[in-house]
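Data block below; observations after.
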Amino acid sequence: MDDEELVDFAKDFRSGILGDRMPTLACFMVCFPLVGLLKASNVVVELVDSDLGWINHFWIRLGDGRALDPTADQFNYLDNANFPPVYLGKRTKYHISK
């Protein structure tokens with residue numbers, strides 16, 4: 001699956017889970033089953049739980065280390081963040097891991 005297909009897949013999955021609702025506090029609800037589905041599709045992924053200090057955030061780490069975050073836009077009200085509904089890219093301060 002290339003990057004565009006991966007993002008489209010995650011967008012469709014997110015929409016099926018959330019509909020038109022904002023993803024606030026829904027990261028585990030979206031990421032956990034999406035990880036299983038991606039693994040079944042032979043995509044190398046790992047569910048990551050980031051302790052942000054004031055809240056935990058779940059996101060997906062790809063085999064190459066990049067972040068796939070199907071609920072990243074829940075952080076757009078902070079620090080003038082401008083995440084798309086599904087973020088794919090370098091890890092940010094919301095995508096920390098041990």
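For the stretch 26-38, does any single residue satisfy the condition of being over 21 Å from Asn56 (Cα atoms) and either out of contact with any Phe, Trp or Tyr (no Cβ under 6 Å at 6 or more places or on another chain) or not basic (Lys, Arg) (or both)?
Within the stretch 26-38, the first condition is being over 21 Å from Asn56 (Cα atoms), and the residues that meet it are 37-38.
Going one step further and asking which of them are either out of contact with any Phe, Trp or Tyr (no Cβ under 6 Å at 6 or more places or on another chain) or not basic (Lys, Arg) (or both), we end up with 37-38.
Yes: the stretch 26-38 contains one or more residues that are over 21 Å from Asn56 (Cα atoms) and either out of contact with any Phe, Trp or Tyr (no Cβ under 6 Å at 6 or more places or on another chain) or not basic (Lys, Arg) (or both).
Inside the stretch 1-36, can you point out the residues that are of a type in the set (Ser, Thr, Tyr) and assigned to a helix (DSSP H, G or I)?
Result: Ser15, single match.
Within the stretch 39-57, track down each residue that is closer than 14 Å to Phe13 by Cβ and buried (at least 19 other Cβ atoms within 10 Å of the Cβ).
Of everything in the stretch 39-57, just one residue is closer than 14 Å to Phe13 by Cβ and buried (at least 19 other Cβ atoms within 10 Å of the Cβ), namely Val45.
Can you name the residue in the stretch 38-82 that is of a type in the set (Phe, Trp, Tyr) and at pLDDT 95 or above and is also farthest from Val7 (Cα to Cα) among such residues?
Checked the stretch 38-82; the qualifying residue farthest from Val7 (Cα to Cα) is Phe58.
Only residues that are closer than 17 Å to Lys90 by Cβ and either among the aromatic types (Phe, Trp, Tyr) or surrounded by fewer than 18 Cβ atoms within 10 Å (Cβ to Cβ) (or both): list them for the stretch 3-17, please.
Answer for the stretch 3-17, where residues must be closer than 17 Å to Lys90 by Cβ and either among the aromatic types (Phe, Trp, Tyr) or surrounded by fewer than 18 Cβ atoms within 10 Å (Cβ to Cβ) (or both): just Asp3.
Tell me which residues, restricted to the stretch 51-89, are part of a loop (DSSP other than H, G, I, E, B) and closer than 20 Å to Lys39 by Cα. So that I can check it myself, show each step before the final result.
First pass over the stretch 51-89, keeping only residues part of a loop (DSSP other than H, G, I, E, B): 52-55, 63-66, 70-71, 76-86.
If the condition is that a residue be part of a loop (DSSP other than H, G, I, E, B) and closer than 20 Å to Lys39 by Cα, then Gly63, Asp64, Gly65, Arg66, Pro70, Thr71, Val86 are the ones that fit.
Does any residue of the stretch 90-98 turn out to be outside any helix (DSSP H, G or I), closer than 16 Å to Met1 by Cα and either modelled with pLDDT under 95 or out of contact with any His (no Cβ under 8 Å at 6 or more places or on another chain) (or both)?
Checked the stretch 90-98: no residue is outside any helix (DSSP H, G or I), closer than 16 Å to Met1 by Cα and either modelled with pLDDT under 95 or out of contact with any His (no Cβ under 8 Å at 6 or more places or on another chain) (or both).
Please list, ordered by first then second residue, the pairs with beta carbon atoms under 7 Å, 6 or more apart or interchain, first in the stretch 22-41 and within 24 Å of Asn76 (Cβ to Cβ), second modelled with pLDDT of 95 or more and in a loop (DSSP other than H, G, I, E, B).
As it stands, the answer is Pro23/Thr71; Ala26/Thr71; Cys27/Thr71; Val30/Pro70; Val30/Thr71; Cys31/Pro70; Leu34/Pro70, since those pairs meet every condition given.
The values are calculated or read from the model by the stated rules, or taken from the named source; none is laboratory data. A quick note: this is a predicted structure, and the numbers were derived from the prediction, not measured. Here the Cβ is made from the backbone with ideal geometry for all residues, glycine too, and neighbour counts use every protein chain on show.
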